[in-house]
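Chemist: Right, I'll just put the structure down here and ask away after.
The values are calculated or read from the model by the stated rules, or taken from the named source; none is laboratory data. Just so we're clear, the structure is a prediction, and the values are computed from it rather than from any experiment. As a convention, Cβ positions derive from the backbone with ideal geometry for all residues, glycine included, and neighbour counts pool all protein chains shown.
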Amino acid sequence: MRVSFPPTPVVLLATCLLAACSHDAAPPEQPRLVRTQQVAAPVTDVSATYSGEIRARREAEIGFMVSGRIQQRRVEVGDRVEVGTSLFQLDPSDAVLNANASRSQVESARSQLVQAQSDARRYEELARINYVSKADLEKAHLSLRTAEQSLRSAQANHGVAANQAGYTHLRSTVAGVVTAIEAEAGQVVEAGRPVVRIAEQGEREVVVSVPESRVQELRDATSLRIELWAEPGRQYAGRLRELAPDTDSVTRTYSARISLLDADPAVRLGMTAKVRVLLPATAGVRRLPLTAVHDLSGRPGVWIVNPATRRVSKRTVTLAGAQKDSVLVSQGLRDGDLVVTAGVNLLHEGQPVRLATATAGAAP
């Protein structure tokens with residue numbers, strides 16, 4: 001008679017181990033698809049590009065020197081004007097009345113002077129024959145001097161009134177192009193308020209906005225080349241003329257004015273232009289996309305693909321700067337290195353990868 005015993009825990013454990021050993025080993029890690037770029041020759045032409053607007057170096061804001069109501073506007077935006085061109089006309093009624101009143105005061109003062117001169121001569125004749133006292137003669141001379149001063153004062157007041165009458169006719173003080181009109185006929189304007197803006201003839205410049213991290217680059221630029229959006233391929237030489245000492249309160253960028261040294265008639269106000277800033281070359285600098293660089297324990301680094309094993313390894317690099325969507329690497333790369341440019345955040349040391357189409361990082 002056979003007696004069966006229930007399986008013990010030891011027997012159950014051994015059975016499980018045998019079953020586990022009978023299964024296949026864990027599948028190998030699947031390669032991850034990445035995009036790569038092969039490091040090419042060092043960059044020899046390092047540059048940055050800014051967009052800006054063509055403006056005149058000097059813009060005159062012209063306004064009336066007296067207050068009044070605008071009677072007529074005689075220019076339009078875009079008109080070319082010369083020195084002395086009529087721009088605006090105020091209602092001259094009050095100014096003409098003041099000028100006429102001052103002229104009458106001049107005539108009255110002149111008449112009083114003639115009378116004082118006649119009195120002084122008569123008193124001098126009477127004083128010689130002792131018909132008047134010395135005090136009366138001195139009083140006549142004093143009246144003469146007072147009349148002379150009154151005439152000079154009246155003439156000065158008339159000059160001011162006449163000038164104010166002339167100020168009702170606004171004329172251009174510069175030659176150039178009207179770029180803005182700030183008032184219309186029938187509007188009452190105050191003295192000193194600009195009513196028209198004129199871009200003076202002569203030098204043209206490009207106004208660009210520079211981020212605070214690139215200010216020193218602009219100062220250190222070896223050359224500035226300007227290209228018009230309307231005429232691609234035609235380049236003009238530029239020179240940094242002015243760099244704002246403070247940032248704009250809204251954009252937090254520095255305004256820079258770059259003069260066109262060889263501007264021609266094709267350069268017109270308001271055109272869009274590109275300023276290419278050639279920077280001093282740095283030995284051994286190579287360009288990579290921004291997506292290729294990631295953080296390695298607080299330092300920038302890249303993933304390098306081993307062509308033989310198709311596995312990645314970390315490598316720290318030193319950055320020389322950033323430009324648009326790329327970075328400049330000064331140390332850590334060699335010619336022929338295969339750098340991962342997309343998918344860097346999903347990799348780990350030694351991971352196998354599958355390469356998409358590789359691109360060569362040629363110098364621009």
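Chemist: Quick test for you: out of Ile198, Ile226, pick the one residue that is part of a strand (DSSP E or B) and out of contact with any Ser or Thr (no Cβ under 8 Å at 6 or more places or on another chain).
Modeler: Going through Ile198, Ile226 in turn, the sole match is Ile226.
Chemist: Here's another thing I want to ask about it. Checking the structure you have, find out if any residue of region 199-218 is of a type in the set (A, V, I, L, M), surrounded by 16 or more Cβ atoms within 10 Å (Cβ to Cβ) and closer than 30 Å to Ile70 by Cβ.
Modeler: Within region 199-218 (the criterion being of a type in the set (A, V, I, L, M), surrounded by 16 or more Cβ atoms within 10 Å (Cβ to Cβ) and closer than 30 Å to Ile70 by Cβ), the answer is yes, since at least one residue qualifies.
Chemist: Quick check on Leu319: is it buried (at least 16 other Cβ atoms within 10 Å of the Cβ) and either touching a residue at least 24 places away in the same chain (Cβ under 8 Å) or over 30 Å from Thr179 (Cα atoms) (or both)?
Modeler: Yes, satisfied.
Chemist: Show the residue pairs that are 6+ apart or on different chains and have beta-carbon atoms under 8 Å apart, the first residue being within region 253-267 and of a type in the set (Phe, Trp, Tyr), the second being part of a loop (DSSP other than H, G, I, E, B) and surrounded by fewer than 19 Cβ atoms within 10 Å (Cβ to Cβ).
Modeler: Matching pairs, first to second residue: Tyr254/Pro211; Tyr254/Ala244; Tyr254/Asp246; Tyr254/Thr247; Tyr254/Asp248.
Chemist: Only one residue in Ser249, Ser213 is in a loop (DSSP other than H, G, I, E, B), of a type in the set (Gly, Ala, Ser) and either out of contact with any strand residue (DSSP E or B) (no Cβ under 7 Å at 6 or more places or on another chain) or under 30 Å from Gln37 (Cα atoms) (or both), so which one is that?
Modeler: Matching residue, one of Ser249, Ser213: Ser249.
Chemist: Say whether the condition of being of a type in the set (Gly, Ala, Ser) and either outside any helix (DSSP H, G or I) or loosely packed, with under 15 Cβ neighbours inside 10 Å (or both) is met by at least one residue in region 136-152.
Modeler: Checking region 136-152: not a single residue is of a type in the set (Gly, Ala, Ser) and either outside any helix (DSSP H, G or I) or loosely packed, with under 15 Cβ neighbours inside 10 Å (or both).
Chemist: Can I ask one more? Within the set of pairs 6+ apart or on separate chains, which have a first residue in region 168-191 that is within 20 Å of Asp94 (Cα to Cα), a second that is among the hydroxyl-bearing types (Ser, Thr, Tyr) and assigned to a strand (DSSP E or B), and C-beta atoms under 9 Å apart?
Modeler: His169/Ser86; Leu170/Ser86; Arg171/Ser86
Chemist: Count, please, the residues in region 100-135 that happen to be at pLDDT below 90, crowded, with 16+ Cβ neighbours inside 10 Å and small (Gly, Ala, Ser).
Modeler: So the count comes out to 1.
Chemist: List the strands (runs of 3 or more DSSP E) inside region 316-362, counting only whole elements, that have at least 2 residues being at pLDDT below 80 and not aliphatic (A, V, I, L, M).
Modeler: Filter on region 316-362 gives 318-323, 326-331, 359-361.
Chemist: Another one. If you check Arg286, Arg311, Arg257, Arg252, which single one turns out to be surrounded by 12 or more Cβ atoms within 10 Å (Cβ to Cβ) and either hydroxyl-bearing (Ser, Thr, Tyr) or within 22 Å of Glu212 (Cα to Cα) (or both)?
Modeler: Checking each option against the conditions leaves just Arg257.
Chemist: Continuing with the same structure: Here is a list: Gly78, Gly84. Which entry is surrounded by fewer than 12 Cβ atoms within 10 Å (Cβ to Cβ), modelled with pLDDT under 95 and in contact with a Lys or Arg (Cβ under 8 Å, 6 or more places away or on another chain)?
Modeler: Exactly one residue qualifies, and that residue is Gly84.
Chemist: Return the residues of region 229-246 that are part of a loop (DSSP other than H, G, I, E, B) and either over 15 Å from the mean Cα position of the chain (by Cα) or in contact (Cβ under 8 Å) with a residue 40 or more places away in the chain (or both); say none if nothing qualifies.
Modeler: Result: Trp229, Ala230, Glu231, Pro232, Gly233, Arg234.
Chemist: Is it the case, given these coordinates, that Asp94 is among the acidic types (Asp, Glu) and modelled with pLDDT under 90?
Modeler: yes
Chemist: If you don't mind, another one. Restricting to region 30-58, give me the number of residues that are assigned to a loop (DSSP other than H, G, I, E, B), in contact with a Pro (Cβ under 9 Å, 6 or more places away or on another chain) and modelled with pLDDT under 75.
Modeler: Matching residues across region 30-58 total 3.
Chemist: Collect the residues in region 249-265 that are modelled with pLDDT under 90 and of a type in the set (Gly, Ala, Ser), keeping them in residue-number order.
Modeler: Correct list: Ser249, Ala263.
Chemist: Residue check: is Val339 of a type outside the set (Gly, Ala, Ser) and touching a Lys or Arg at 6+ places or on another chain (Cβ under 8 Å)?
Modeler: No: the conditions fail for Val339.
Chemist: Additional query: For the condition surrounded by 13 or more Cβ atoms within 10 Å (Cβ to Cβ), touching a Leu at 6+ places or on another chain (Cβ under 9 Å) and closer than 22 Å to Ile62 by Cβ, what is the one hit in Val174, Val178?
Modeler: Val178
Chemist: Quick check: anything in region 298-310 within 38 Å of the chain's Cα centre (by Cα), at pLDDT below 80 and farther than 30 Å from Arg80 by Cβ?
Modeler: yes
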